Number of protein chains: 2
Amino acid sequence: MIQVGVNGYGTIGKRVADAVAAQPDMKLIGVAKTRPNFEAEAAVRKGYPLYAAIPDRADQFRDAGIDLAGEVEDMVMTADVVVDTTPSGIGADNCDLYERYDTPAILQGGEDADVADVSFNARANYDLARDDVDVARVVSCNTTGLSRLLAPLVEAYGVEKARVTLVRRGGDPGQTSRGPINDILPDPVTVPSHHGPDVNTIIPDVDIDTLGVKVPATLMHLHSVNVTLEAEPSAAEVRELLGAESRLFLVPEETGIDGTGKLKEFAMDTGRPRGDLWENCIWEDSISMEGDDLYLFQSIHQESDVIPENIDAIRALLDWEDRETSMRITDETLGVGLESLFDGRRQRVVPRSDG
Amino acid sequence: MIQVGVNGYGTIGKRVADAVAAQPDMKLIGVAKTRPNFEAEAAVRKGYPLYAAIPDRADQFRDAGIDLAGEVEDMVMTADVVVDTTPSGIGADNCDLYERYDTPAILQGGEDADVADVSFNARANYDLARDDVDVARVVSCNTTGLSRLLAPLVEAYGVEKARVTLVRRGGDPGQTSRGPINDILPDPVTVPSHHGPDVNTIIPDVDIDTLGVKVPATLMHLHSVNVTLEAEPSAAEVRELLGAESRLFLVPEETGIDGTGKLKEFAMDTGRPRGDLWENCIWEDSISMEGDDLYLFQSIHQESDVIPENIDAIRALLDWEDRETSMRITDETLGVGLESLFDGRRQRVVPRSDG
């Protein structure tokens with residue numbers, strides 16, 4: 001069993017902790033948190049040993065009636081690996097601590113790429129993290145979504161150039177002070193946004209330009225994707241290729257799901273924890289070919305698509321399983337793969353021959 | 001003097017009426033409206049002769065205490081030209097009426113292209129409407145914005161392919177029942193959206209694919225534009241080319257205008273009627289070249305960018321002035337051309353040599 005500690009227990013940390021606890025080959029030895037808020041109480045209620053991320057604040061937890069198992073250093077000492085889900089920049093600062101106890105660590109996509117030995121996406125470059133790596137960085141939600149999409153396209157057809165406009169949610173549902181309200185902002189106004197270069201930390205050779213736009217929505221991002229391929233498959237062939245990927249969910253037209261609101265509603269109806277969507281959600285009907293230009297829309301759930309990647313990163317970093325095995329275990333234990341809900345339908349879709 | 005009637009007095013109609021009234025070579029002989037709402041009262045207050053667009057409803061105007069000058073047929077009979085700004089589909093129905101009185105008519109972009117003899121954009125194809133045309137169609141706000149941008153690029157560099165994601169406002173500020181709230185929708189989910197083919201009614205040969213996304217905003221659309229050029233100018237050269245177009249406003253970085261909200265605020269501060277932005281608003285700092293790929297962001301004010309085009313369409317349809325003269329008169333009388341507010345700055349910008 002891999003002994004896993006989770007440092008940070010916010011949007012990503014609480015999801016990683018639940019996912020770790022669900023794995024047959026992992027044991028969650030604890031989570032570390034800076035403040036005794038509602039999330040800290042929930043951790044204790046779930047029976048997760050809680051560590052104070054900042055030593056001076058142990059009193060605050062005591063005052064709030066929350067029992068601590070110790071300080072974050074105790075957790076790092078005991079763990080085989082730490083998943084760091086602290087806010088951007090703090091993860092880099094924490095690397096000294098992990099190094100002191102020779103504990104391998106997984107950082108999140110908010111950290112600079114060069115803080116880690118390798119940037120990680122399970123589908124695209126799992127094996128790189130198996131090779132004598134101390135610190136891996138699971139790339140951001142958007143970069144994860146783009147890497148998952150581009151990897152099979154590069155393998156099957158070759159990519160001449162990708163051009164993506166990311167229509168980004170302004171903030172998460174819990175981020176009450178974020179904007180915009182009733183506005184559409186180029187963000188950043190300069191081109192390219194950081195997402196393209198970030199994809200190159202995962203797939204170095206792909207030529208990709210990205211543009212970012214921020215809008216008044218909180219549920220998910222939406223990518224307007226163009227990929228000029230080195231071949232001219234039919235749209236049906238591309239649908240079949242992408243539909244075979246476990247972490248790409250092709251949203252069937254007949255479901256009537258027309259946007260991120262209904263996607264989240266659908267996820268909650270299926271019983272997904274917190275309504276999470278771990279998969280890229282690609283509108284099947286949007287997959288179009290115009291000559292060698294592929295177009296599609298995909299939505300990315302910023303709070304959860306990196307969760308399976310963090311789990312796989314743990315196994316890769318400890319060289320515990322190969323890629324296929326790790327992704328299969330992760331997907332089965334979490335329940336990744338919404339395609340299976342539409343298995344009867346799939347039979348009808350595959351032979352479609354429109355271009 | 002050209003005697004102009006305006007049929008329909010909503011978002012576009014009231015703006016066209018004001019613009020016609022401001023022209024030295026035109027006389028507004030009246031406006032026609034279906035209902036005696038706040039806009040009808042405003043028309044009367046401005047001294048615009050008001051006609052009942054639907055004969056049976058004359059009573060409603062009387063009951064509301066609003067004086068009518070007659071019925072729409074009277075207006076069409078007297079006019080040299082009618083600008084039809086009725087809702088989509090009604091304009092096509094009205095063509096019988098215009099034909100009966102042999103009155104040339106200008107329809108809006110919501111009508112099908114084949115209802116009109118020619119689709120119109122002043123910058124791109126003014127002269128086509130001068131040649132024995134009875135019905136012209138001023139293309140929609142988005143198609144107008146794209147045509148204005150593409151025309152100079154086609155002329156200066158040649159366009160290999162344009163790919164545009166239109167991040168569309170959900171509704172106008174006054175459309176209280178439109179959505180979405182807190183959502184991002186592919187709209188339409190299929191590719192291409194109608195905008196690309198619509199641009200081809202203006203610039204037939206340009207290869208363009210467009211994708212539409214709808215978001216919870218009301219102020220303006222935002223286009224994420226990619227144009228693969230047949231040449232490789234520097235970004236500075238493209239800025240200079242676009243900056244010389246009177247209906248393209250390059251938003252200077254140092255103004256701190258970061259989105260559609262500040263653009264509208266800026267327009268109101270300058271005293272623009274209704275805060276209208278007749279120009280494409282192109283973020284100057286977004287204009288970038290990556291090889292032969294041009295990228296930029298532009299915002300389009302859906303309520304007003306077609307207004308100068310309607311005025312020019314009147315002159316073109318009656319073969320009254322040539323393109324340069326008409327656009328100059330229109331721009332001067334309305335006050336089109338925000339560049340002039342930054343003239344001192346322009347001198348500094350042009351020599352910039354970054355690529």
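Residue by residue, here is whether (1) acidic (D, E); (2) out of contact with any Leu (no Cβ under 8 Å at 6 or more places or on another chain); (3) without any contact (Cβ under 8 Å) to a residue 24 or more places away in the chain holds:
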{"site": "A:D59", "(1), (2), (3)": "yes, yes, yes"}
{"site": "A:R62", "(1), (2), (3)": "no, no, yes"}
{"site": "A:D84", "(1), (2), (3)": "yes, no, no"}
{"site": "A:D93", "(1), (2), (3)": "yes, yes, yes"}
{"site": "A:L150", "(1), (2), (3)": "no, yes, no"}
{"site": "A:E160", "(1), (2), (3)": "yes, no, no"}
{"site": "A:R169", "(1), (2), (3)": "no, no, no"}
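Of all residues in the stretch A:132-170, how many are among the charged types (D, E, K, R) and within 27 Å of A:G89 (Cβ to Cβ)?
6
Limited to the stretch B:312-337, what total is found for residues that are over 19 Å from B:L128 (Cα atoms) and part of a helix (DSSP H, G or I)? Write out each step before concluding.
Taking the stretch B:312-337 and keeping what is over 19 Å from B:L128 (Cα atoms), we get B:329, B:331-337.
With the extra rule that they be part of a helix (DSSP H, G or I), the set shrinks to B:329, B:331-334.
Of the residues in that region, 5 qualify.
What are the residues in the stretch A:173-201 that are touching a helix residue (DSSP H, G or I) at 6+ places or on another chain (Cβ under 6 Å), part of a loop (DSSP other than H, G, I, E, B) and in contact (Cβ under 8 Å) with a residue 24 or more places away in the chain, if any?
Listed by number, the residues that qualify are A:D183, A:I184, A:T201.
How many residues does the stretch B:147-193 contain that are at pLDDT 95 or above and more than 14 Å from chain A (Cβ to nearest Cβ)?
Matching residues across the stretch B:147-193 total 13.
Has the stretch A:103-112 got any residue that is in a helix (DSSP H, G or I) and either modelled with pLDDT of 95 or more or surrounded by fewer than 22 Cβ atoms within 10 Å (Cβ to Cβ) (or both)? Talk me through it step by step, then tell me what you get.
Within the stretch A:103-112, the subset in a helix (DSSP H, G or I) is none.
Looking through the stretch A:103-112, none of the residues is in a helix (DSSP H, G or I) and either modelled with pLDDT of 95 or more or surrounded by fewer than 22 Cβ atoms within 10 Å (Cβ to Cβ) (or both).
Tell me which residues, restricted to the stretch A:1-19, are touching a helix residue (DSSP H, G or I) at 6+ places or on another chain (Cβ under 7 Å), of a type outside the set (G, A, S) and either over 20 Å from A:Y98 (Cβ atoms) or open to solvent by less than 20 Å² (accessible area, probe 1.4 Å) (or both).
Listed by number, the residues that qualify are A:I2, A:V4, A:V6, A:N7, A:Y9, A:K14, A:R15, A:V16, A:D18.
Any residue at all in the stretch B:177-187 that is touching a Leu at 6+ places or on another chain (Cβ under 7 Å), within 29 Å of B:R323 (Cβ to Cβ) and polar (S, T, N, Q)?
Within the stretch B:177-187, not a single residue is touching a Leu at 6+ places or on another chain (Cβ under 7 Å), within 29 Å of B:R323 (Cβ to Cβ) and polar (S, T, N, Q).
Could you list, in sequence order, all residues of the stretch A:55-102 that are among the β-branched types (V, I, T) and touching a helix residue (DSSP H, G or I) at 6+ places or on another chain (Cβ under 8 Å)? Quick ask: steps written out before the conclusion?
Taking the stretch A:55-102 and keeping what is among the β-branched types (V, I, T), we get A:66, A:72, A:76, A:78, A:81-83, A:85-86, A:90.
Answer for the stretch A:55-102, where residues must be among the β-branched types (V, I, T) and touching a helix residue (DSSP H, G or I) at 6+ places or on another chain (Cβ under 8 Å): A:I66, A:V72, A:V76, A:V81, A:V82, A:V83, A:T85, A:T86.
Confirm whether A:D84 is at negative phi, open to solvent by 20 Å² or more (accessible area, probe 1.4 Å) and in the same structural domain as A:L50 (by TED's automatic domain parsing). Outline the logic, then answer.
Details: at negative phi: yes; open to solvent by 20 Å² or more (accessible area, probe 1.4 Å): no; in the same structural domain as A:L50 (by TED's automatic domain parsing): yes.
Against the criterion (at negative phi, open to solvent by 20 Å² or more (accessible area, probe 1.4 Å) and in the same structural domain as A:L50 (by TED's automatic domain parsing)), A:D84 does not qualify.
Could you list all residues from the stretch B:21-80 that are among the β-branched types (V, I, T) and assigned to a helix (DSSP H, G or I)? I'd like the intermediate steps shown before the answer.
The initial filter retains those residues of the stretch B:21-80 that are among the β-branched types (V, I, T), namely B:29, B:31, B:34, B:44, B:54, B:66, B:72, B:76, B:78.
If the condition is that a residue be among the β-branched types (V, I, T) and assigned to a helix (DSSP H, G or I), then B:V44, B:V72, B:V76, B:T78 are the ones that fit.
Exactly one condition in (1) surrounded by fewer than 24 Cβ atoms within 10 Å (Cβ to Cβ); (2) within 14 Å of chain A (Cβ to nearest Cβ) is not met by B:T325; state its number.
Checking B:T325 against (1) surrounded by fewer than 24 Cβ atoms within 10 Å (Cβ to Cβ); (2) within 14 Å of chain A (Cβ to nearest Cβ), the one that fails is (2).
Among the polar types (S, T, N, Q) and farther than 25 Å from B:L263 by Cα: does that describe B:T218?
Values: among the polar types (S, T, N, Q): yes; farther than 25 Å from B:L263 by Cα: no.
Here the answer is no, as B:T218 does not meet what is asked.
Out of the residues in the stretch B:146-159 that are aliphatic (A, V, I, L, M) and farther than 17 Å from B:S119 by Cβ, which is least open to solvent (accessible area, probe 1.4 Å)? Write out each step before concluding.
The first filter runs over the stretch B:146-159 and keeps only residues aliphatic (A, V, I, L, M), leaving B:146, B:149-151, B:153-154, B:156, B:159.
Then drop every residue that is not farther than 17 Å from B:S119 by Cβ, which leaves B:153, B:156, B:159.
Values: B:L153: 0, B:A156: 52, B:V159: 19 Å².
In this case the residue turns out to be B:L153.
Residue by residue through the stretch B:119-147, note down the ones that are of a type outside the set (A, V, I, L, M, F, W, C) and part of a helix (DSSP H, G or I). Show your work before the answer.
Within the stretch B:119-147, the first condition is being of a type outside the set (A, V, I, L, M, F, W, C), and the residues that meet it are B:119, B:121, B:123, B:125-127, B:130-132, B:134, B:137, B:140, B:142-145, B:147.
The answer is B:R123, B:N125, B:Y126, B:D127, B:R130, B:N142, B:T143, B:T144, B:G145, B:S147.
Name the single residue that is farthest from the other protein chains (Cβ to nearest Cβ) among those in the stretch A:248-263 being among the hydrophobic types (A, V, I, L, M, F, W, C) and farther than 18 Å from A:E237 by Cβ. Step through it out loud before you land on a result.
Residues of the stretch A:248-263 among the hydrophobic types (A, V, I, L, M, F, W, C): A:248-251, A:257, A:263.
Subset that is farther than 18 Å from A:E237 by Cβ: A:249, A:251, A:257, A:263.
Details: A:F249: 15, A:V251: 9, A:I257: 10, A:L263: 10 Å.
So, considering only residues that are among the hydrophobic types (A, V, I, L, M, F, W, C) and farther than 18 Å from A:E237 by Cβ, the one farthest from the other protein chains (Cβ to nearest Cβ) is A:F249.
For the stretch A:264-312, which positions are β-branched (V, I, T) and more than 12 Å from chain B (Cβ to nearest Cβ)?
A:T270, A:V306, A:I307, A:I311
Spot the failing condition for B:A162; the list is (1) open to solvent by less than 30 Å² (accessible area, probe 1.4 Å); (2) of a type in the set (A, V, I, L, M); (3) under 29 Å from B:F266 (Cα atoms), and only one is missed.
Result: B:A162 passes all but (3).
Only one of (1) within 14 Å of chain A (Cβ to nearest Cβ); (2) not in a strand (DSSP E or B) fails for B:L211. Which number is that?
(2)
What strands (runs of 3 or more DSSP E) lie completely within the stretch A:222-296 and have 3 or more residues being touching a Lys or Arg at 6+ places or on another chain (Cβ under 7 Å) and open to solvent by less than 20 Å² (accessible area, probe 1.4 Å)?
Working: elements: A:248-251, A:280-283, A:288-290.
Output list is empty.
The values are calculated or read from the model by the stated rules, or taken from the named source; none is laboratory data. It should be emphasised that the depicted structure is a prediction, and the values quoted were computed from it without experimental measurement. Using ideal geometry, Cβ is built from the backbone for each residue, glycine included, and neighbour counts are taken over all protein chains shown. Surface accessibility is based on the protein's heavy atoms, side chains included, excluding ligands, DNA and RNA. Shrake-Rupley method; radii C 1.70, N 1.55, O 1.52, S 1.80 Å.
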